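The values are calculated or read from the model by the stated rules, or taken from the named source; none is laboratory data. None of these values were measured; they are calculated from a predicted model. Ideal geometry is used to build each Cβ from the backbone, glycine not excepted, and the neighbour counts take in all protein chains shown. Side chains included, ligands, DNA and RNA excluded: accessible areas come from the protein's heavy atoms. Shrake-Rupley method; radii C 1.70, N 1.55, O 1.52, S 1.80 Å.
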Amino acid sequence: MPVPSADFKQALKKLSEKEKEALILRLVRKDAEAYDTLAFELLDDVTLETLYERSTETIHDILFTANGRSLSKALNRALKKCSQEIARYYRVTKDRKGEVELHLYLLGQIFDNFTGQFDSIYKGFYVSTARLVQRSMSLILKHLHEDYHLEYQDQINTFLTDLNGRSKRRQLPFNLPMQFEID
């Protein structure tokens, strides 16, 4: 992201209200994320809840429309798209708890519906899911209050138990903990 220079800020101050409005409208027509950010900041009907719901629907649609010759590879691509949707949600809202909740929603969908693909000959989906669990643990520990650590511990431990019970665990290029340890 470019940082606005002092000259840029001065030029922006010199614009009339009508010119600023035209510039903003032109920007939001070209960039959906800029539109979402401004709508979240300016409109009363665009709230954290509505953006969260839209993101969960998008994640659900991405996962359940994944198809291809190899379902495991298609799910791996879908997992990447879902992670991008979660990152977009965070960039628009700056809501860390919502970001963690979306990670856990995605993991819940995976463990409820797609664990059979962990046994595929392709290890990519298994590894990506393990990385997602590890990322979720990191986000919880780094950015959320200690009370949430306890709230999410059982759910994360369930995911870890399933992942660690698979034979592909030895193929992971990183060390996956056996349990979600809190201080």
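The table below gives the values:
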item	result
Matching entry among Asp31, Asp44 (being closer than 23 Å to Glu101 by Cβ and acidic (Asp, Glu))	Asp44
Residue check for Leu107: more than 28 Å from Asp31 (Cα to Cα), in contact (Cβ under 8 Å) with a residue 40 or more places away in the chain and not in a helix (DSSP H, G or I)	no
Extreme residue, surrounded by the most Cβ atoms within 10 Å (Cβ to Cβ), among residues of the range 96-153 that are aromatic (Phe, Trp, Tyr) and touching a Ser or Thr at 6+ places or on another chain (Cβ under 6 Å)	Phe125
Meets criteria (of a type in the set (D, E, K, R) and modelled with pLDDT of 95 or more) for Arg77	yes
Some residue of the range 78-96 being in contact (Cβ under 8 Å) with a residue 24 or more places away in the chain, over 21 Å from Tyr148 (Cβ atoms), among the β-branched types (Val, Ile, Thr) and touching a helix residue (DSSP H, G or I) at 6+ places or on another chain (Cβ under 8 Å)	yes
Whichever residue in the range 1-32 is of a type outside the set (A, V, I, L, M, F, W, C) and in a loop (DSSP other than H, G, I, E, B) and, among such residues, is most open to solvent (accessible area, probe 1.4 Å)	Pro2
Count of the range 33-90 residues which are open to solvent by 50 Å² or more (accessible area, probe 1.4 Å), more than 24 Å from Leu107 (Cβ to Cβ), outside any helix (DSSP H, G or I) and of a type outside the set (D, E, K, R)	1
The range 121-173, residues that are closer than 18 Å to Leu102 by Cα and not in a helix (DSSP H, G or I)	Leu144, His145
Test: residue in the range 139-157 that is hydroxyl-bearing (Ser, Thr, Tyr) and either at pLDDT below 95 or more than 25 Å from Arg54 (Cα to Cα) (or both)	yes
